[in-house]
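A.B. asks: Please read through the structure below; I'll follow up with questions.
The values are calculated or read from the model by the stated rules, or taken from the named source; none is laboratory data. It should be emphasised that the depicted structure is a prediction, and the values quoted were computed from it without experimental measurement. Here the Cβ is made from the backbone with ideal geometry for all residues, glycine too, and neighbour counts use every protein chain on show. All accessible areas refer to the heavy atoms of the entire protein, side chains included, with ligands and DNA or RNA removed. Shrake-Rupley method; radii C 1.70, N 1.55, O 1.52, S 1.80 Å.
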Amino acid sequence: MAMNRRTFLGMGAGAAATGTGAWMVLLRDRAEHSTATRGGASGSGTTEPGTGTGDASRVLVVLQLSGGNDGLNTVVPVTGRYHDLRPTLGLVDDDLVALADLPEYGLHPSLAPLADLWVAEQLALVSGIGYPDNSRSHFAALDSWWSATPGKSSTTGWLGRWLDATVPEGAPDPLRAVTIGRGSPALRAERSPSTAIVDPSGFALATPRGVDADALVAAFLRCSTPTVGDDLRTSAQRSVGSAVDVLGRLADADLGKVGPSFEQPDPAAGETATTKGEYVAGDVTTGLSAAANLIGHDLGTQVILVDAGGFDTHANQADTHQRLLADVGQGVGAFQKAIDASGHADDVLLVTTSEFGRRAAENGSGTDHGNGGTSFVVGTGVQGGLIGSPDLDRLDDQGDVAATIDVRSLYAAALTWLGGPTDEVLGQVYDTHGLLR
Amino acid sequence: MGGVDDRTAIAWLHRRVGLGLAPGELDRLVPLGVDAVVERLLAPDANGVKKEPDPWAPLGLTYDRDNAREQAKAAIAAWIPAMAATPRPTESWLTWFWHGHFATSIAKVRFASLMVEQLRTFQRMGAGPFADLLRAVTTDPAMLVWLDGRENTRDTPNENFGREVMELFSLGVGSYGEADVAAAAGALSGWTLQRTDSATSRLVAKRHDDRPRTFLGQTGVSDVDGVIDAITAQPECPRFVAGRLASAVLGEAADDGLVSDLTTTFRAADLDLGVLLRAVVEAGLARLDSRTGDLPPVVVAPVPWLVAALRATGSRPKVKVLVAELRAAGQVPMSPPNVGGWPGGAAWLASSTTVARFNLAVEVAQATASDAPTRRAAAEGPDDELADLLGRPEGFGAATLAAVAEARRSNGPEGVAPLTVALASPDLVVA
């Protein structure tokens, strides 16, 4: 590398805590610096009357499978009709991961790591999830999942509204909500910032050779004030302060470090891909690894979004989906182990989302956009089981699995986990179908 | 009394429909006057402007699976310095704009040879009739791979392109129905890539479903020409395209009223993109020139921002390192996240992007020659000269001036720290 690259706090692990850097003094003096203590949403200082105050210790992880995950090959009905619809893409019954007490369904073989979670009743399968008038366009569907206002465009996302409804006293904390990957419109809010970390292992400020890191960052930080007016220029200035602030707090979390639960097979220890299963270093595994690190460091993050791409399997689905779901199974399984190891298992709820499922009938080597899909809900707080069941004999008028469970039911459960509010954020009460214990 | 002087207007043009300014470039252009500069930018051929050299011709790109990754990296790496040195700023900018609009990713297309053919199409046809451009994109080999056009056959129809061509490329959501998607898929079926050494596509008759269909209200549509004709005949088409281009150049100033006017002009010109672009530029200049002399700011995306920094400093750091940081910023050329392209606006103000821009600024500043005008002005001032060299003759804001002054007091090679801060400042992130 041509430059001297390091976390500018990397003068020693204690620097963050003791704040020896000159710029740290600047940060402490700035009124905007939010405290790094957990939550703060303890009933005081929500800026808007709400029916809930948020529970400071709870964490929600939303894993988005972008492109429209094929629910029918994820939670697979063991029926003849399924094989009629999918003569080539249909998974062989014997290959499916068996679900105890649920013989009519099996999981895609790549999801074997989730079998233990099912047995422990920490895995709920939500089948036929979607909106009544699904658009089947990625963008319209994503929009409706992000906003939770189907058919109506919104400037806020469902989690953004939750952030606004539970914002604690003092300056809003950009680390309350984090996306691993690009920023998500689900976090669009009126008052609440959030942090996007595109590359967890590269999130640090560089220093030119020969230049004092602290001094340079302190100088850069000066760009952030004074601000004039309230337009994009001001937002750009604020983003400078926000970025430096966030980096300081994340410095010790070492997001890019792959924890033991997520590790690749170690040839020196005699492990191989086959003994450890086929290791897939995909978006899910790397994203959830960073999420686990973030949770383990207790920085006050309450919402983490991880985006995994590639699920738009119009062609070549057999191989592609097998690899993608291997990443999901591996990543989710490892994540649960990691948060258990750090003592956070009881704090965390993980849900998966995807903008739609895919057509029931196969089309060539893949499937086209469909309607009702499948979500997973994972955690010690989950009431395990299957909710909804695709009725392949009663597909909708486009030949798709119907959406019988409204997306907002899933969101209501997620928001309840966070301590609410729910109906204020979603506009009305939604049945959570007993997803939480 | 006009709102701004020629220097400011010309700099604005190079920020919004160009890719920045090289040292001394503004000094050479200002005496020509704004109108002449507009002509040079919008009609380079007619004004004897040097042609854009092809950065990919020397690479000898092939269709070799074994070194596809290396060739992809080389093609991306070649594009960045080429943009920074372009003799045709608007043509180059427009190629970049169409690349974001018809967003196609090398991650799936795989072969740089196909990707660069698509970019060359944008360069050749980006300011001509929209119908011709859309038709070329529809049968473009990279696009056939990207949106599965080559999988779309009579026996196994694939609707991916048929949907996106309307939703994202020409009409917008809500301007078509599901039946139209199916009809488009049928009419466009049968295209495939030529399996030779050139990036060409062809129609295979026996894979083509030539049954006439009703598509967007037109009957008897059974092939590419019918699809393109029907799309471009829709009233939504000029509005959608005009809206996209106007927003990119004018930001929030592209309100409904302005877009309506531009749509009328565009339609009257048979959807000629050159006419549209000229009208957009003139609208921007008129607003700049008005009593208030301002335009709402737009956020500059990481790639154009970096290109402008490279052009202004003359710096040429290792492209490999630049690309790694662009990945962290969320924007690598030839790799949009999906067919919707890169999200714009405030999405580029996320912490990740801010950190990556700073790191890119470090790279650029460090590799800037010590006697380069930007580095000298960063080291010793005056500040208004530094701002002018970085494309802002109107000067930096107070906060950035304070930041640069403080950076001058830090150690290290002369000018590197203040130049880093200036390049990474919000004044250049928002134009």
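A.B. asks: Could you count how many residues in the range B:302-331 are open to solvent by less than 40 Å² (accessible area, probe 1.4 Å), touching a Pro at 6+ places or on another chain (Cβ under 9 Å) and outside any helix (DSSP H, G or I)?
C.D. replies: Number of matching residues: 2.
A.B. asks: Being modelled with pLDDT of 95 or more, out of contact with any Cys (no Cβ under 9 Å at 6 or more places or on another chain), open to solvent by less than 20 Å² (accessible area, probe 1.4 Å) and closer than 19 Å to B:Ile106 by Cβ, is that true of even one residue in the range B:30-49?
C.D. replies: Among the residues of the range B:30-49, not one is modelled with pLDDT of 95 or more, out of contact with any Cys (no Cβ under 9 Å at 6 or more places or on another chain), open to solvent by less than 20 Å² (accessible area, probe 1.4 Å) and closer than 19 Å to B:Ile106 by Cβ, which makes the answer no.
A.B. asks: Let me ask something additional. Mind telling me which of the residues B:Thr90, B:Thr86 ends up being assigned to a helix (DSSP H, G or I), modelled with pLDDT of 95 or more, hydroxyl-bearing (Ser, Thr, Tyr) and within 15 Å of the chain's Cα centre (by Cα)?
C.D. replies: Residue meeting the stated conditions: B:Thr90.
A.B. asks: Please state which of the following conditions B:Asp209 fails to meet, knowing it meets all the rest: (1) touching a residue at least 40 places away in the same chain (Cβ under 8 Å); (2) under 24 Å from B:Leu144 (Cα atoms); (3) in a helix (DSSP H, G or I).
C.D. replies: Single failed check for B:Asp209: (3).
A.B. asks: Right, next: Out of the range B:403-427, which residues are within 7 Å of chain A (Cβ to nearest Cβ), free of Cβ contacts under 8 Å to residues at least 24 places away in the same chain and not in a helix (DSSP H, G or I)?
C.D. replies: B:Ser410, B:Asn411, B:Gly412
A.B. asks: Oh, and also: Scan the range B:387-407 for residues that are of a type in the set (D, E, K, R) and under 21 Å from B:Gly314 (Cα atoms) and jot them down.
C.D. replies: Scanning the range B:387-407 gives B:Asp388, B:Arg392.
A.B. asks: Of the conditions (1) open to solvent by 10 Å² or more (accessible area, probe 1.4 Å); (2) aromatic (Phe, Trp, Tyr); (3) farther than 28 Å from B:Glu385 by Cβ, B:Trp98 clears all except one; give me its number.
C.D. replies: With (1) open to solvent by 10 Å² or more (accessible area, probe 1.4 Å); (2) aromatic (Phe, Trp, Tyr); (3) farther than 28 Å from B:Glu385 by Cβ applied to B:Trp98, the lone miss is (1).
A.B. asks: Sticking with this structure for a sec: How many residues, within the range B:121-170, are farther than 19 Å from B:Lys206 by Cα, in contact with a helix residue (DSSP H, G or I) (Cβ under 6 Å, 6 or more places away or on another chain) and within 12 Å of chain A (Cβ to nearest Cβ)?
C.D. replies: 6
A.B. asks: Within the set of pairs 6 or more residues apart or between chains, which connect a residue that is in contact (Cβ under 8 Å) with a residue 24 or more places away in the chain inside the range A:209-238 to a residue that is of a type in the set (A, V, I, L, M) and not in a helix (DSSP H, G or I) with Cβ atoms less than 7 Å apart?
C.D. replies: Note: pairs meeting the criteria are A:Arg209/A:Met3; A:Val217/A:Leu205.
A.B. asks: Restricting attention to the range B:372-389, which residues are open to solvent by less than 20 Å² (accessible area, probe 1.4 Å) and not hydroxyl-bearing (Ser, Thr, Tyr)?
C.D. replies: Those that are open to solvent by less than 20 Å² (accessible area, probe 1.4 Å) and not hydroxyl-bearing (Ser, Thr, Tyr): B:Ala372, B:Ala377, B:Ala378, B:Gly381, B:Leu386, B:Ala387.
A.B. asks: Could you tell me whether A:Arg161 is closer than 30 Å to A:Thr352 by Cβ and buried (at least 22 other Cβ atoms within 10 Å of the Cβ)?
C.D. replies: So A:Arg161 fits the description; yes.
A.B. asks: Among the numbered conditions (1) open to solvent by 40 Å² or more (accessible area, probe 1.4 Å); (2) among the charged types (D, E, K, R); (3) within 11 Å of another protein chain (Cβ to nearest Cβ), tell me where B:Arg357 comes up short.
C.D. replies: That leaves (1) as the condition not met.
A.B. asks: Kindly indicate whether any position in the range B:387-402 is among the β-branched types (Val, Ile, Thr), under 19 Å from A:Ala204 (Cβ atoms) and within 8 Å of another protein chain (Cβ to nearest Cβ).
C.D. replies: No: zero hits.
A.B. asks: Among all residue pairs at least 6 apart or on different chains, which show Cβ distances below 9 Å where the first residue, located in the range B:333-348, is under 10 Å from B:Ser105 (Cβ atoms) and more than 8 Å from chain A (Cβ to nearest Cβ) and the second is modelled with pLDDT under 85 and open to solvent by 50 Å² or more (accessible area, probe 1.4 Å)?
C.D. replies: Here the result reads none, with nothing in the range B:333-348 linked to a residue that is modelled with pLDDT under 85 and open to solvent by 50 Å² or more (accessible area, probe 1.4 Å).
A.B. asks: Which residue, of A:Gly210, A:Gly202, A:Gly229, is at pLDDT below 90 and either within 7 Å of another protein chain (Cβ to nearest Cβ) or surrounded by 20 or more Cβ atoms within 10 Å (Cβ to Cβ) (or both)?
C.D. replies: Selected residue: A:Gly202, the only one of A:Gly210, A:Gly202, A:Gly229 that is at pLDDT below 90 and either within 7 Å of another protein chain (Cβ to nearest Cβ) or surrounded by 20 or more Cβ atoms within 10 Å (Cβ to Cβ) (or both).
A.B. asks: It is to be established whether one or more residues within the range A:179-187 are assigned to a loop (DSSP other than H, G, I, E, B) and free of Cβ contacts under 8 Å to residues at least 40 places away in the same chain.
C.D. replies: Looking for residues that are assigned to a loop (DSSP other than H, G, I, E, B) and free of Cβ contacts under 8 Å to residues at least 40 places away in the same chain, one finds at least one in the range A:179-187, hence yes.
A.B. asks: Give the number of residues within the range B:382-399 that are under 27 Å from the mean Cα position of the chain (by Cα) and in a helix (DSSP H, G or I).
C.D. replies: The number of residues fulfilling the criteria is 4.
A.B. asks: Going by what's in this entry, would B:Gly226 be described as over 22 Å from B:Leu114 (Cα atoms), away from chain A (no Cβ under 14 Å) and at pLDDT 95 or above?
C.D. replies: Yes: the conditions hold for B:Gly226.
A.B. asks: Moving on to the next point. Consider B:Ala369 against the criteria (1) in a helix (DSSP H, G or I); (2) surrounded by fewer than 24 Cβ atoms within 10 Å (Cβ to Cβ); (3) over 24 Å from the mean Cα position of the chain (by Cα); (4) aliphatic (A, V, I, L, M): it satisfies all of them except one. Which criterion is unmet?
C.D. replies: (1)
A.B. asks: Collect the residues in the range B:222-242 that are more than 21 Å from B:Asp270 (Cα to Cα) and outside any loop (DSSP other than H, G, I, E, B), keeping them in residue-number order.
C.D. replies: Scanning the range B:222-242 gives no hits.
A.B. asks: Checking the conditions here, which among A:Ala186, A:Ala251, A:Ala171 is of a type in the set (Gly, Ala, Ser), more than 10 Å from chain B (Cβ to nearest Cβ) and buried (at least 23 other Cβ atoms within 10 Å of the Cβ)?
C.D. replies: A:Ala186
A.B. asks: Here's a follow-up. Of the residues B:Val280, B:Val275, B:Val362, which single one is within 13 Å of another protein chain (Cβ to nearest Cβ) and either aliphatic (A, V, I, L, M) or closer than 28 Å to B:Arg110 by Cα (or both)?
C.D. replies: One residue alone meets the criteria, B:Val362.
A.B. asks: Moving on to the next point. Of all residues in the range B:243-280, which are outside any helix (DSSP H, G or I) and touching a strand residue (DSSP E or B) at 6+ places or on another chain (Cβ under 8 Å)?
C.D. replies: Those that are outside any helix (DSSP H, G or I) and touching a strand residue (DSSP E or B) at 6+ places or on another chain (Cβ under 8 Å): B:Asp270, B:Leu271, B:Asp272.
A.B. asks: Taking B:Pro413 as meeting all but one of (1) surrounded by 20 or more Cβ atoms within 10 Å (Cβ to Cβ); (2) within 18 Å of B:Ala309 (Cβ to Cβ), write down the number of the exception.
C.D. replies: (1)
A.B. asks: Please go through the range B:154-179 and pick out each residue that is open to solvent by 20 Å² or more (accessible area, probe 1.4 Å) and at negative phi.
C.D. replies: Result: B:Arg154, B:Asp155, B:Thr156, B:Pro157, B:Glu159, B:Val173, B:Ser175, B:Tyr176, B:Gly177, B:Glu178, B:Ala179.
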